[in-house]
Amino acid sequence: MFMHKSVLLYETVDMLSVKKDGIYVDCTLGGGGHAYEVCMRLDKGRLIGIDQDRDAIEAASRKLSTFASKVDIVHDNYSNIKAVLDMLNINMVDGIYLDLGVSSHQLDSIKRGFSYMHDAPLDMRMDMRFKKTAADIVNKYDEARLYSIIKNYGEDIFAKNIAKHIVLNRAKKRIETTGELVEIIKAAIPMRMQVKGGHPAKRTFQAIRIELNAELEVLENSLDRMIELLKPGGRLVVITFHSLEDRIVKQIFRKNENPCICPRDFPICVCKKKSMGRVLTKKAIIPSEAELKENPRAKSAKLRAFEKVI
């Protein structure tokens, strides 16, 4: 069963300012928690739910069955949002939202290989139709490339030593499971850091997952297109779970609010780039203490929103 507690649920839906006859796109449908709340506020409106995870599609279809007449669910990556809307003969929408990162279901489903807490095949695919898995990254990337993704996507200060240990161990035997990888990572990190720095494998697992699913590239390449697809007054709301995602969202929102590239000492703008709208969240919205007590996995969540004005 797909279990996922929606993070910043009411903050997200309130920020969308849902119109009863509006069209909204849930780009990371998951278990359908946010989508259900949006549908509750729709009358003649429509919701399009997109997810690349087949388990999520099945779970959300069940959860949203009450609203079947106003919901379209599509098994795809949100990077293809324009093609999805074209297929449904929709040109522009009133709101788009994303709840990024790995879901509780993916973490808790041992066979998916996302968690460093259980021994399982090294998989980590969000879309099971893809052939490449985490095991391919761990066993085939050279040491320099492994170091690069662990350093850049995991922001781990021991990235060089972890990459070195992975390469040394796979020379003896192919690394097949999450448990094997965890033990290799532990051996690469000083014990004193393991005691106070959280689980030693957390950052490396994050890095491999991001690399495998191209999470940052997809996000960076999609946000401008999403803003273009909004009607005037439409809103884009994004929940991130680590600094790399949040930085991308913050920068792209800022660029769309103030796209001028003229030197600061120019008396007037000559680049003719026009603002697409305004950032609604000068500071990111974070979960309340009550939500954190109920759902500890919401700890690093940040919500940012943008409103299109042209």
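The values are calculated or read from the model by the stated rules, or taken from the named source; none is laboratory data. Given the structure is predicted, the values throughout are model-derived calculations rather than measurements. Neighbour counts are summed over all protein chains in view; Cβ atoms, including those assigned to glycine, are modelled from backbone coordinates with ideal geometry. Keep in mind that these areas ignore ligands, DNA and RNA; they rest on the heavy atoms of the full protein, side chains included. Shrake-Rupley method; radii C 1.70, N 1.55, O 1.52, S 1.80 Å.
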TODO: Spot the failing condition for Glu289; the list is (1) exposed (fewer than 11 other Cβ atoms within 10 Å of the Cβ); (2) modelled with pLDDT under 95, and only one is missed.
DONE: (2)
- [ ] Please state which of the following conditions Lys111 fails to meet, knowing it meets all the rest: (1) more than 17 Å from Tyr24 (Cα to Cα); (2) of a type in the set (Lys, Arg); (3) over 21 Å from the mean Cα position of the chain (by Cα).
- [x] (3)
Task: Which listed residue, of Glu211, Glu220, Glu215, Glu245, is in contact (Cβ under 8 Å) with a residue 60 or more places away in the chain and either open to solvent by 30 Å² or more (accessible area, probe 1.4 Å) or more than 20 Å from Leu303 (Cβ to Cβ) (or both) - done: Glu211
Open item on the list: Given the criteria within 17 Å of His165 (Cβ to Cβ) and open to solvent by less than 30 Å² (accessible area, probe 1.4 Å), does Ala201 qualify?
Closed with: yes
Open item on the list: Regarding segment 132-141, can at least one residue be identified that is touching a residue at least 12 places away in the same chain (Cβ under 8 Å), part of a loop (DSSP other than H, G, I, E, B) and open to solvent by 10 Å² or more (accessible area, probe 1.4 Å)?
Closed with: yes
Task: Filtered residue count, segment 292-310, keeping only those that are assigned to a loop (DSSP other than H, G, I, E, B) and either small (Gly, Ala, Ser) or open to solvent by less than 50 Å² (accessible area, probe 1.4 Å) (or both) - done: 3
